[in-house]
1. Can you compute the FRET efficiency between B:Asp534 and A:Ala447 using 1/(1 + (r/R0)^6), with r the Cβ-Cβ distance and R0 = 60 Å? Round to the nearest 0.05.
2. Give me the percent of DSSP beta bridges within region A:338-573 that run antiparallel, rounded to the nearest 5.
3. For a quick check: sort B:Ser408, B:Ser97 by the number of other beta carbons within 10 angstrom, fewest at the front.
4. For region A:5-316, what is the charge dipole size about the Cα centre, in debye to the nearest 20, if Lys and Arg each add +1 at the Cβ and Asp and Glu each add -1 at the Cβ?
5. Using only atoms on other chains, find how many Cβ atoms lie within 10 Å of each Cβ of peptide B:62-72 and report the average.
6. Once the Cα gyration tensor of the protein assembly as shown is diagonalised, what are the square roots of 5 times its eigenvalues, in whole Å and ordered largest first, as equivalent ellipsoid semi-axes?
7. With point charges of +1 on the Cβ of Lys and Arg and -1 on the Cβ of Asp and Glu, referenced to the Cα centre of chain B, which listed residue (B:Met177, B:Val500, B:Gly107) lies farthest in the positive direction of the dipole?
8. In region A:338-573, what is the volume of the convex hull around the alpha carbon atoms, normalised per residue and reported in Å³?
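Laboratory data are not the source of any read-out in this text; all were calculated from the coordinates shown. For clarity, every value in this text was computed on a predicted model and none was experimentally measured. Please note: Cβ atoms are built from the backbone with ideal geometry, for glycine as well, and neighbour counts cover all protein chains shown.
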Amino acid sequence: MSRDPLRDVLPLLEVRPARVVRAVVLGALALGCSVGLAAVSAWLIARASQMPPVLTLSIAVVTVRACGVGRGVLRYLERLASHDVALGGMAALRANLYDALARGPVTGVVGLRRGDLLARVGADVDAVGDVVVRSIVPAGVAVVVGLGSVALVGAFLPTAALALLGCLLLTGVLAPWLAARASATTEAAGAEARAEVTARTLGLLEEGQQLRVAGRLDAEVAALRAADARLTQAGDDGARTAGVSAAIGAGAQTLSVVAALALGMVALHAGGSLAPVELAVVVLTPLAVFEVTSVLPGAAVQLRRSREAAARLAALLPASSVPERPLSRPATDAAGDVVLDGVAAGWPGRDGEAAPPAVTGVDLMLAPGSVHALVGPSGVGKTTLLMTAAGLLPPRSGSVSGDASTLFLAEDGHVFDTTVLENLRVARGDVTPAQARAVLATVGLTAWLDALPDGLDTMLGGGATTVSGGERRRLLVARGLLSPARVLLVDEPAEHLDPEAADAVVGALVQHARTSGRAVVLATHRLAAAQDADEVLLLGTPDGGGPAGVVARGRHAELMRDVPAYAWAAGQER
Amino acid sequence: MVRPLDPRLLQRARAARRYVVLTAGLGLASALAIVAQALLVAWLLGGLVTHGSVPGTTAVRALGGLGVVVAVRAVVAWAQERYAQKAAAQTVAELRSQVVTHAVALGPRWATGARQAEVATLATRGLDDLEPYLVRYLPSLLLTALVTPAVLVVLLGLDWVSFVVCLVTLPLVPLFMWLVGVMTQGTSERRLGVVQRLGAQVLDLLAGLPTLRAFGRESGPGARVRALGEASKKATVSTLRVAFLSGMVLELLTTLSVAVVAVAVGLRLVDGGMSLTTGLAVIMLAPEVYLPLRAVGAQFHASTDGLAAASSAFAVLETPAGSDAEGVLAPDSSVRALVLDGVSVRAGERGIDAPSSLSARIVFGSGVAGAGRVVVLRGPSGSGKSTAVQVMLGLLRPDAGQVFLEVSGPGGSGADRVALQDLDISWWWRQVAWVPQRPAIAPGRLRDVVTGGLDVDDAALDAAASTTGLDSVVRTLADGWGTRVGLGGVGLSVGQRQRVALTAALLAGADRPVVVLDEPTAHLDAAGEQVVLDTVRAWRDAGLTVVVVAHRESLVALADQVVDVAARSLEGVGA
């Protein structure tokens, strides 16, 4: 690792240093009260044993009581101050992340929906924010209080101060370093085992009934146990190092007391400047000091985790902070053509390595009011071609030109955790309830809408009303129909729908094109959806492999007549 | 109020039992070390302060004793850290396999929808919450039970006044924490709800970013994310202001008590009512009385999360499995037919029976080549076709009606009717190859996965693969039949998995005379569908019985028998 990713990500927290300093000062005062309590009560008791007039002790008595109260109150204020900094930082980081992703290349965003990546982004933001509360502030407090205590002891007996400093370095530097190394070992060794445990657990829960019938259940449960045993073993190696770290932490406190006693005894014997009462302070102060270093192993582990979280977040961020030229064309009302000229479409390769394009040599003219259908087997590259036509991916060769606004309606479009109406207003901010009802009727969702508890104001997504696959599909198409964009590129409009509902949705899109002068492109693996298109493009892969291309094009009826494979496939759908 | 240590945890997990014993032992050792340290330091320091010096042997003995204390404390801390993690991991593993096994035993109906997601979360990440509970909270709890009383007893021996101060203030700590907790619980929970909602909204906007960008509306919500973040921060800080109060009470009471003890000791020393050595021992021991309790307070969240995870696990484990009595019959003759007699299954919350009153006699093939049968279950979606399959497989007991098998009697004469629930169900399962919509593929080399350990020659393998179209998949794999699939291997698409499962079922042949296919053509294009048709024909030609759930005409056209499945609304029945 050449550069600490935390350095790249921490500025996005927009933390003001003064706030951090305030938290550190409050924390240092709180723990200072602990140390003060120990030091002053040691002096008080040693001095009292010499039976002086009670009045000479009154300042010490008051100080002890003040320290007793101050610690709780100051610690409370410190926790509030440091959490305030951390939470503000997390909020800023989320906002900055959103801004960066909204501006950056679209390829960075599309992957977000995959798997649990999004949930991990949430957890990673929290982990980076936690570094303030769990690492930075405790480390600052430890330095201030540790050095202060060393200075206090040093004022009476410099050699004991050196011993204390040495023990503090053991618990404050060596033990945290070992703890961080232990957790790194555990996580690295355990990552594979953990992934296997998760995969096997989910597999058993999802496929348990099949495994029972197939007589494989016991073997699979045994395999899960074995994977869990490997996970335990992985943790065991780290635990050995963590054990050493804990042993250092626990032993060092007593060790520093022993050192102070031995050195103090020698100083008293030598008849130096050390008074017996001062010896009590020198010996008992260290007992309280080690509380400040006890949290540092945890702080070091958190620092390492936050650093890894920061590295994952940094990988999401666009390489340059300069906003990229927006690829998608502005949503104006200007009608016009979009022309694809010899377009090759493909995803940009990872790490600059050029992956071969998925589809090549596509010429297409999308005129107002036209309807095109892209058909072909799953995985042939229909979606990639649509995204390229929409300007969301740069063409690998050839050109996409024209100034009409385009809209790509993804198959997995997002239904937001808000009302039905607000979900439709994603297309256009000024959709009226009447327009919303009309468009839902067009896609056959009237019955669904009537069954919703609060009609258009029903909350969708999240823990609220669940939306079935087919309802969701139609809702997304309805949203597309409301968009002002002049060219609609719709991916699999008929997926998850039974044949009648599929025909209704496709019919609504065709009707929309004819009456409003929008150009519509449908990508589908259902050939029946292609019947009303002005032109059907059949995509296919050549026999010898290589990128797909247009195998045949023409009206549905022509392809039925001329292309046997097309006719056969269409016949199978019935 | 939840119990701090759920006895069921000790009953269910052996690792947890051993761990509690070990931690208790280590707790005792550390109590001894703490007391010894205080007494030795006080003895030596008291002598030094009072007399200016101590005899050499005394000093050597005291310092030597303290050296032993250093070693004991280091060893105790090492052992605790070393074994806590391992015991926690073992406990989690034990509970995980119990939860998973039991969830599967509860049948196909139990773990569906939201509950499936819940159990999956519990068994993967949820149970991990037990680790901080076991590693941090439980030791603090045991130390509170062991060290605190031990130190109190020593205090009583040294100075009864300090003992009384500690004894009186000690119960105040949990009392005040409880009071603060009760007073603030409502507010914290309400505010926590707000915080979670705000956090979810930000993630929702991030998830919807591709959609927003497609619509060209990505710039608007940026300000909203910022505003939501600001609101979330405000709400959280005000929650924390309340939540941290109990922490403050804890610190205030414990530190103040220590200060009170110190001042009281000081004032009695001035009167000459106490020796310096005793006084020093008391002020060193007083904080140790409260220390374990403070650790318990600091780890309180670990305890609630961990106990919540444990009780969710016990809730799963204590759900009684439906099958009250396992059947034992295992006929040694072949099945002639399966009879469904008025089978109805209530469909969850939908208020319908799906299937409703399904009666059919499904005649099986004889096993002789050319005498196979294809039986199609047909009906609109939601009518209960897959449920009917689960009933036939004995995975689900119908709410009404019976399922029988007709097996040929001894010597092939006549036919006996045996209720499915009286059979040893694993005997029935050994007769059946079931290919569900998403077939499970065992991880391993493709050839082993397909043959399932049977001895199959290459010619038979290739023949089966060419029937199901698996041969074309194998050709695209770098290592052919030797390719590792599943965990850590090549991922297969749904269509490819289906071909693997069909090939495996085909090769099982006479070992599994009944084949059950659930919607084998769903999600397949026309070419994929042709493969399924060919495979079904191959089975019939081999004399097997194929029961298939289908709604496509092409499959229905193949059928020797069609069973129509229908659902019925329960509301209509009552009227």
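1. 0.90
2. Counting only bridges with both partners in region A:338-573, antiparallel ones make up about 45 percent.
3. Ordered by Cβ neighbours within 10 Å, fewest first: B:Ser408, B:Ser97.
4. 460
5. 4
6. Semi-axis lengths for the protein assembly as shown are 68, 38, 26 Å.
7. Working it through, the farthest residue towards the positive pole turns out to be B:Met177.
8. In region A:338-573, the Cα convex hull volume per residue is 134 Å³.
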